[in-house]
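Visitor: Questions regarding the structure given below will be posed in turn.
The values are calculated or read from the model by the stated rules, or taken from the named source; none is laboratory data. None of the values given here were measured: they were computed from a predicted structure. Backbone-built Cβ (ideal geometry, glycine too); neighbour counts: all protein chains shown. Areas reflect the complete protein model, heavy atoms only, side chains present, ligands, DNA and RNA absent. Shrake-Rupley method; radii C 1.70, N 1.55, O 1.52, S 1.80 Å.
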Amino acid sequence: MKFILAVDITDDKYGIGKEGKLAWDNIPEDLKFFRETTTGKNVVFGDTTFKQLPPLPNRFTMVLTRKPEAHQANRNQTNENANVEFYNLSQLEKAIELMETKTEDGVDSVFVCGGKQVYELLVQHNEKVKPLITGGYVTCIQYKYSNQNQYDVELKDFMHYLNNNSPWQVDESARKVIVDNDEMIVWIDTYQKK
């Protein structure tokens, strides 16, 4: 199992969302990385993050939500995300059991994809899930000039945990720059177990 996320590191707040939009929704290179990394795998989202994404074919998608019935009805209308199951947060243990089963398919077969509550709930605070996670990927977005983004969803506490107190660390040799232009530099850090 791995985590995968994108954050704006221009300031120290680690923004991931603003007004229901994801920080990386305008960076095609990161979308391509996400698509290539997670295709054929199992992905776990919170419902707010899931609603922001296009259909995700060729993946099994687990959505953690407080209202699974509402999402199930909407999904049945379009069938674009046919490989989706919705789990009530009160059934988290059942969802974790399914993640454990999917992890048995291969160590890199499950990706925890956010948003904020899902990262905190599964990666940071869940002692049952933490040992299953072998590492992950963090796309870092740094604007070269003044960043006007005022995020309403930030991962400051989570990123502090990830970089200082977690069982994972950045593999500096694996850093990959995917965008370097007049506006921003974007790179992907790979985290591995310490």
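Visitor: Report the antiparallel proportion of the DSSP beta bridges in the chain as a percent, rounded to a multiple of 5.
Guide: 50 percent
Visitor: Sticking with this structure for a sec: If you build a Gaussian network model of the chain, linking Cα atoms that sit under 10 Å apart, which residue out of Ala23, Ala95, Ala174 swings the most?
Guide: Ala174
Visitor: Still on this model: Length gain on complete extension for the stretch Asp157 to Ser90, per 0.36 nm per residue less the alpha carbon to alpha carbon distance?
Guide: 21.7 nm
Visitor: About the Cα centre, and with charges only on the beta carbon of Lys, Arg (+1) and Asp, Glu (-1), how big is the dipole of the chain? Nearest 20 debye, please.
Guide: Dipole of the chain, to the nearest 20 debye: 320 debye.
Visitor: For helix 92-103, report the angle its Cα long axis makes with the longest principal axis of the Cα atoms of the chain; keep it between 0 and 90° and round to the nearest 10°.
Guide: Long axis of 92-103 versus the principal axis of the chain: about 80 degrees.
Visitor: Under a plain spin-label model, where a point goes 7 Å from the Cα along Cα-to-Cβ, how far apart in nm are Lys193 and Glu19?
Guide: 4.4 nm
Visitor: Mind sorting out which of (1) 10.7; (2) 14.9; (3) 13.9 is the real mean projected area of the Cα convex hull in nm² computed from the coordinates?
Guide: Among (1) 10.7; (2) 14.9; (3) 13.9, the one derived from this structure is (1).
Visitor: On average, how much accessible surface per residue is there in the stretch 82-194, in Å², for a 1.4 Å probe, leaving out ligands, DNA and RNA? Show your work: numbers first, answer last.
Guide: Details: 5900 Å² over 113 residues.
On a per-residue basis, 52 Å².
Visitor: Between the stretch 147-194 and the stretch 1-53, what is the separation of their alpha carbon centroids in Å?
Guide: 12 Å
Visitor: Structure shown: which of Lys13/Lys144; Lys41/Lys116; Lys116/Lys193; Lys94/Lys128; Lys128/Lys193 lie over 18 Å apart, alpha-carbon to alpha-carbon? Walk me through the intermediate numbers first.
Guide: Details: Lys13/Lys144 16 Å; Lys41/Lys116 21 Å; Lys116/Lys193 21 Å; Lys94/Lys128 12 Å; Lys128/Lys193 16 Å.
The answer is Lys41/Lys116; Lys116/Lys193.
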